1. Pop a pseudo-label 7 angstrom from the Cα along the beta-carbon direction at both residue 51 and residue 66 and give the gap in nm to one decimal.
2. Rounded to the nearest 0.05, what FRET efficiency is calculated for residue 6 and residue 75 with R0 set to 22 Å and r the Cβ-Cβ distance?
3. Given the Cα atoms of segment 3-80, and with Rh set as the inverse mean 1/r over their pairs in the Kirkwood sense, what is Rg to Rh to two decimals?
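Quick note: the coordinates plus some simple rules give every number you see, no bench work behind them. Keep in mind it's a predicted model, so treat the numbers as computed, not measured. No Cβ is skipped: glycine too gets one built from the backbone with ideal geometry, and neighbour counts run over all protein chains shown.
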């Protein structure tokens, strides 16, 4: 995803807010660690991807943004322990 996807991403989320609710991530009240806008979200996803901690995907249909899938909490696992 990129900053230019902001409008489409926001519209998709608006149309699907009830369906997304059970899976929506939450943060404690007052926590400022979550991105505050779409551009910050994209920057953070790209940073985490570069660090090998996240795999962010934009789902497209006929070249148009249709959704987002993010694989997170990637760790090295036991294969790296000696």
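1. 3.2 nm
2. 0.15
3. Ratio value, two decimals: 0.99.
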